[in-house]
Amino acid sequence: MAAEAEVMDELRRLRARVPQLTGALAASVDGLVLVHDTPGVEPETVAALTATALSVAVRMADATGQGDFRELLVRGVYGYVATYAAGRSAVLTLLAQDRVNVGRLHLEGRRAGVRIGELVDAAAEQTPRPAPAPAPTPASAPAPMPTRTRTPRAPRTPSTTPNARTTTES
């Protein structure tokens with residue numbers, strides 16, 4: 001990604017503005033790490049879990065009529081995990097201590113998410129996209145798979161009288 005250094009600078013500036021942050025990660029919505037500053041935490045795991053949580057959050061916002069996803073906040077015993085939309089194809093996940101000012105976390109996280117989104121989206125627009133593969137010609141097209149047919153199953157005949165009672169003699 002061409003904007004990797006700029007995104008990393010934004011993460012460092014964010015951590016300087018909010019000293020209670022213990023980690024920051026920018027990831028694709030698919031769960032791939034773009035840039036991270038997460039000492040002591042496995043960034044690939046956080047990115048994958050972020051993608052999963054994002055999927056649920058997007059569906060929840062949509063199902064309840066709340067509009068497009070903006071942010072997700074999880075509070076644990078030892079702190080917070082906050083995820084913010086970052087453009088069309090990225091998310092920003094922040095890890096913070098329990099003593100963080102949540103209002104400040106949201107303010108700075110939202111601003112950083114907008115900036116990172118701009119950087120990632122601009123880099124994606126500049127990346128040349130591969131040309132679509134040509135359609136296969138009839139000579140190189142694979143043969144169609146044979147169609148499976150099922151023979152109809154014969155109706156079962158009951159082996160006992162319907163609703164028959166069984167008794168045991170002692």
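The values are calculated or read from the model by the stated rules, or taken from the named source; none is laboratory data. Just so you know, these numbers come straight off a predicted model, no measurement behind them. Here the Cβ positions follow ideal geometry from the backbone for every residue, glycine too, while neighbour counts run over all protein chains shown. These area figures cover heavy atoms from the full protein model, side chains too; ligands, DNA and RNA do not enter into them. Shrake-Rupley method; radii C 1.70, N 1.55, O 1.52, S 1.80 Å.
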(request) Taking all protein chains together and a probe of 1.4 Å, list 52, 38, 22 from the most accessible to the least accessible. (result) 52, 22, 38
(request) Could you tell me which of 89, 65, 76 has its Cα farthest along the dipole of the stretch 60-104 towards the positive end, charges placed at Cβ (Lys, Arg +1; Asp, Glu -1), taken about the Cα centre? (result) 76
(message) Checking the a/c ratio against 1.5 first, then a/b against b/c, what shape does the Cα gyration tensor give for the stretch 1-105?
(response) oblate
(request) With θ set to phi - 60°, apply the Karplus curve 6.51 cos²θ - 1.76 cosθ + 1.60 along the stretch 40-47 and write out the HN-Hα couplings as whole Hz, x wherever there is a Gly or Pro. (result) x, 10, 6, x, 5, 5, 4, 5
(request) Give me the accessible area per residue for the stretch 1-113, probe 1.4 Å, as a whole number in Å². (result) 55
